[in-house]
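Novice: Encoded as structure tokens, here's the structure I'll be asking about.
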Amino acid sequence: MTTRRVGVLGQLVGVAGGRAPGALARRLAHEPVVLSMLLAATLVVGVAVVYAPDWVPIASLTLPLLAGGVFLSLRSLVWLVAAAGFCLLASLVTLDVTAHFAGIAVVVAVTAAVALGLARSRARLGLKGTMGDSMLVDLRDRLTAQGTMPELPRGWEEQLVHRSAERASFSGDFVVATRSPDAAVLEVALVDVSGKGHGAGTRALLLSGAFGGLLGSLPPEQFLPAANAYLLRQNWSEGFATAVHLVVELTTGEYEVRSAGHPPAIHFHAGSGRWETLETEGGLLGVFDKDVYEPAVGQLRPGDALMLYTDGLVEAPRRDLADGIDKLQGEAERLVAGGFRGGAKKLIDAVASSDADDRALLLLWRT
């Protein structure tokens, strides 16, 4: 009996670690099979705990519970928790109750509660097993892919750097970018969703798909109004966002920048060696109806550069936003002598190395 129990539990531990053999992995695709195996393992462990307590500790009941929390639905997991509770009660009746025994029993109960919580969370999404984690990873990868800058023609270079708050997997800052069908025009929108970390990241996942569909599908002057209207329709309690929208004619370098409550873009003029802040007007997305977004216009000549960034880069406690922008410009001046390649990473490291907020910076320059 002990050999059989060890074999079954060994298989279950292998499954939980993602190392199940091929035949077993195919069987685990069917939840009744998983439930039957875990129930059998739980009962085997329960019998072994009663008749061989020196060899099989009661803490072994946590193993099938952990596996069930990963692979079972809430309804099936209830049966497994009931079986574990029955085994725990049987051992309580037949064995001497000590402080150590009571402590282990509490650990088993907590493990069962955690497993049920995980299953309940997946049930709310209508998902089974590890599909919820896989879905979130897929959404994160799609967000990353959508934020990839399109290939630029010779004479143009860019660097985009994202840093999420507290190094979370999701960020409230995102970029959507596209080139026109004739490849002559580049459009970029850098968006900062209210909040930070996972809370903002959830809204960013939705908005990135919507804004990515709008970008390039509408005349440039209609992009921010359409994004604002979309966000207003969501009626989120904490649903505003800021955005900066850049349109560049890649043959001439002429550009338009529109802002929706976003920190101003900064233009480096190679001729004068100075950085210019581009002041634009426009309210937050998702707050004001039928807002007007006036553009700032200019031209990127060879040697010029343009910076788009989010407020996490320049905001800090007890520091005015203008001071943060001045600091960013001061650090940017150091890039001029050595060139802009790798400059976005250098600027984030120098200006906002703290993980307290989401940060993003796009540096676009003409060689």
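The values are calculated or read from the model by the stated rules, or taken from the named source; none is laboratory data. Quick caveat: nothing in here was measured; it's all calculated off a predicted structure. We place every Cβ from the backbone using ideal geometry, glycine too, and count neighbours over all the protein chains shown. In case anyone asks, the SASA skips ligands and DNA or RNA and just uses the protein heavy atoms, side chains included. Shrake-Rupley method; radii C 1.70, N 1.55, O 1.52, S 1.80 Å.
Novice: Give me the accessible area per residue for segment 147-212, probe 1.4 Å, as a whole number in Å².
Specialist: The answer is 42 Å² per residue.
Novice: Okay, next question. Sort 36-46, 72-82 by the packing proxy (mean of other Cβ within 10 Å over each peptide's residues), most packed first.
Specialist: 36-46, 72-82
Novice: Give the ranking of H162, H245 by solvent-accessible surface, highest area first, calculated with a 1.4 Å probe.
Specialist: The ranking, largest first, comes out as H162, H245.
Novice: Probe of 1.4 angstrom, ligands and nucleic acids ignored: what's the accessible area per residue over segment 216-302, in square angstrom? Numbers along the way, then the final one.
Specialist: On the way: 4240 Å² over 87 residues.
About 49 Å² of surface per residue is accessible.
Novice: Can you pull the one-decimal nm distance between simple spin-label points at R319 and W156, each 7 Å off the Cα toward Cβ?
Specialist: 3.2
Novice: Same structure again: So which GluC sites (Glu not before Pro) in segment 147-256 end up in coil per DSSP with only 15 or fewer other C-beta atoms within 10 Å?
Specialist: For GluC sites (Glu not before Pro) across segment 147-256 that sit outside H, G, I, E and B with at most 15 neighbouring Cβ atoms in 10 Å, the list reads E151, E238.
Novice: In whole percent, and with a 1.4 Å probe on the protein chains, what portion of the accessible area of segment 287-367 is carbon and sulfur?
Specialist: Carbon and sulfur atoms account for 49 percent of the accessible area of segment 287-367.
Novice: Shifting gears a bit: Pairs of Cα atoms under 8 Å, at least six residues apart: use those to get the relative contact order of segment 184-245, whole percent.
Specialist: That works out to 58 percent.
Novice: If each Cα of segment 231-367 is one equal point scatterer, what is log10 of I(q)/I(0) from the Debye formula at q = 0.10, 0.17, 0.21 Å⁻¹?
Specialist: -0.35, -0.97, -1.32
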